[in-house]
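> Below is the structure I would like to discuss, written out as structure tokens.
The values are calculated or read from the model by the stated rules, or taken from the named source; none is laboratory data. Quantities reported herein were computed from a predicted structural model and do not represent experimental measurements. Positions of Cβ are backbone-derived with ideal geometry, glycine not excepted, and every protein chain shown enters the neighbour counts. These accessible areas exclude ligands, DNA and RNA; they are computed on the full protein's heavy atoms, side chains included. Shrake-Rupley method; radii C 1.70, N 1.55, O 1.52, S 1.80 Å.
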Amino acid sequence: MEQVVGEREAEEFTVVARKPYFGLPTACPICLPLFIYLKLAHFPFRLSFNSIFPDSDQIPYVESGTYVAYNNENSGVVECLKKDGIVDLDSEFQSAPDWVSIQAMINSWLADALTYELWVGTDGRSAYKIYYSDLSWPIGKVLFLKQVYSVKQRLGITKDNAEHREDEIYRRAKIAYGALSTKLGEQNFLFDDRPSSLDATFLGHVLVTLHALPDTSVLRSKLLEHDNIVRYAEKLKTELIESGSSSSGPQFRSVPSSSTPRKGPSNWSSKPKSKPKREKTEEEKTFKRRAKYFLAAQLLAVLLFLSVMGSYDSGDLELDDEDEGISFN
């Protein structure tokens, strides 16, 4: 397997992701593809978990020394690692004639379908466990309902078109699964029997769909119609996740409640690791000032959302009575 790996490989890299559930190293649909990408590249890293900011779009992120790559910058962490010359599995594939179309199906149609299924199409227990299970019940429940509302807005779902949008989302997912099943055949990977970032993204989607969604999931049932995709996913899951520790395998640890990125956009509180005292830079001072208001802003968002919920009935917010009755124990 040929790949591009930069000089930074000798440094220790840490991937910060959401916590593991459902037998997966991280159950987050965005974090898992990054984990798989680095494993496919045989790139050594530590895996840490951060559940302090469940709705942060910076997670997952990768850090090493002064280097940090956030999920919400430059089209995501994998693209940052490629552009920065750290690890690139795609250097010979992006000129392939069907690369763009397959990338669009995975990153658009299948991503939307999984988002819909986690937050709207099922009872929401899987999404709650992945994102909010470490929060106190009142805050976790309100943030969950807020996210359901946000997902419906993003996917263009209203009370009037909900059934039509659901049918469209599932129809596109069915088309994508059929096309990818044909493309895969009995190969080990999607392109030339060699791994790419699209394998990582697709495999992450398939594993979350198979293992995190309930048996009653419509999306899961459509995926199970394609035996070769299921075999592909379970084979790679065994090789990459269940094969045990190795010299290139990740080391797992949990991020303490005070752990945050060393630098970067606000939305994070900051407690730097112990190091010799030095005068703080203006950037660090600004970051620290901004970080102090993060939790207050989160609380304010919750209170504002509660006030909105008190002003409108459940129909106006398009949150079904069934969703309102969810109990997470």
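> I need the full set of residues from segment 24-61 which are in contact with a Lys or Arg (Cβ under 7 Å, 6 or more places away or on another chain), at pLDDT 95 or above and open to solvent by 10 Å² or more (accessible area, probe 1.4 Å), in order please.
Within segment 24-61, R46 is the sole residue that qualifies.
> Oh, and also: For segment 63-92, give me each residue that is of a type in the set (S, T, Y) and either open to solvent by less than 10 Å² (accessible area, probe 1.4 Å) or more than 20 Å from N107 (Cα to Cα) (or both).
Hits for segment 63-92 are S64, T66, Y67, Y70.
> Is it fair to say I106 is closer than 21 Å to F49 by Cα, among the β-branched types (V, I, T) and touching a residue at least 60 places away in the same chain (Cβ under 8 Å)?
no
> Another question, if that's okay. Kindly indicate whether K129 is touching a residue at least 24 places away in the same chain (Cβ under 8 Å), touching a strand residue (DSSP E or B) at 6+ places or on another chain (Cβ under 9 Å) and not hydrophobic (A, V, I, L, M, F, W, C).
Details: touching a residue at least 24 places away in the same chain (Cβ under 8 Å): yes; touching a strand residue (DSSP E or B) at 6+ places or on another chain (Cβ under 9 Å): yes; not hydrophobic (A, V, I, L, M, F, W, C): yes.
When the stated conditions are applied, K129 passes them.
> Got a number for residues in segment 220-237 being over 15 Å from H205 (Cβ atoms), touching a residue at least 40 places away in the same chain (Cβ under 8 Å) and among the charged types (D, E, K, R)?
Number of matching residues: 2.
> Okay, moving on. Got a sec? Which helices (runs of 4 or more DSSP H) wholly within segment 157-244 have at least 3 residues that are over 21 Å from the mean Cα position of the chain (by Cα) and either surrounded by fewer than 21 Cβ atoms within 10 Å (Cβ to Cβ) or at negative phi (or both)?
Counting at least 3 such residues, we get 162-184, 227-240.
> Residues that are over 15 Å from the mean Cα position of the chain (by Cα), within 30 Å of D90 (Cβ to Cβ) and either acidic (D, E) or open to solvent by 10 Å² or more (accessible area, probe 1.4 Å) (or both): does segment 145-153 have at least one?
Looking for residues that are over 15 Å from the mean Cα position of the chain (by Cα), within 30 Å of D90 (Cβ to Cβ) and either acidic (D, E) or open to solvent by 10 Å² or more (accessible area, probe 1.4 Å) (or both), one finds none in segment 145-153, hence no.
> Which of the residues belonging to segment 93-139 are of a type in the set (A, V, I, L, M) and open to solvent by 60 Å² or more (accessible area, probe 1.4 Å)?
Selection gives V100, I139.
> Now for a different question. Among the residues of segment 1-14, is any assigned to a loop (DSSP other than H, G, I, E, B) and buried (at least 20 other Cβ atoms within 10 Å of the Cβ)?
Residues of segment 1-14 assigned to a loop (DSSP other than H, G, I, E, B): 1-3, 6, 11-13.
From what is left, the residues that are buried (at least 20 other Cβ atoms within 10 Å of the Cβ) are 13.
Yes, there is a match, as at least one residue in segment 1-14 is assigned to a loop (DSSP other than H, G, I, E, B) and buried (at least 20 other Cβ atoms within 10 Å of the Cβ).
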